């Protein structure tokens, strides 16, 4: 187990849904039965990731990809099963995740660096974030609520890269932004791989998964229906359409 940095053992996650339009006590009394129904999101997922591996997580919309990432990151607690992580995270769990809309870009950088524990590096870190994001000083002084989704993704990705953690979690962020910035992000990911760090990568683009990851798992309706070499799993995914 010393080489295993992430262990997911028989993990189950389900959410309660209101499927009948009950929005008040009156509606509930009139209905005379529970309006809530449990929906299974993850159904018995088990996977191990060794230190230095890159794992791609693919599947169609609603298959449970992002829920699995959030469960591994500790944001969601599984109702059954166990998740063990022997390392620290640099999360990019969604486009702009963790970014406060009312704060400026610079204020978000300072806040998140403090949360990551890297604020002591000071000006050099902020300079590196600014240069990688390619956002101007004027833009970084604006509230993030005025950013486009691509600008927010640039900021989130650049800040997360400043967190020198063992595991980089990426959820779809490479789908946003111009081709030049996407290529820059992928180049940086390969640099991180070269440093022996672990990557978890969710994407709807199997070619990106096959290029970045050495192994992958395929989810369908909350179940893992394939795992192994990323190229083979991505080819399986393409056959679902």
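Structural remarks
- Listed from fewest to most Cβ neighbours within 10 Å, the set 11, 47 follows the order 47, 11.
- Using a simple spin-label model with pseudo-atoms 7 Å out from Cα toward Cβ, residue 128 and residue 114 lie 2.1 nm apart.
- Diffusion coefficient, µm² s⁻¹, Stokes-Einstein with Kirkwood Rh over alpha-carbon pairs of the range 158-241 at 37 °C and 0.692 mPa s: 240
- Projecting label points 7 angstrom from Cα along Cα→Cβ for residue 238 and residue 103 puts them 4.2 nm apart.
- Once the Cα-Cα distance is subtracted from the 0.36 nm per residue extended length, the residue 178 to residue 48 segment shows a gain of 43.4 nm.
- Simple label model, 7 Å out from Cα along Cβ direction - residue 148 to residue 223, nm: 4.2
- Ranked 192, 109, criterion: other C-beta atoms within 10 Å, fewest first: 192, 109
- FRET E, pair residue 164, residue 37, Förster distance 35 Å, beta-carbon r, rounded to 0.05: 0.20
- Going by neighbour counts of Cβ atoms within 10 Å, the residues 151, 142 line up, fewest first, as 142, 151.
Where a number appears in this text, it was derived from the coordinates with a stated rule and is not lab data. Note that the structure is predicted; figures quoted are calculated from it, not measured. Positions of Cβ are generated from backbone atoms using ideal geometry, with glycine treated the same way; all protein chains shown enter the neighbour counts.
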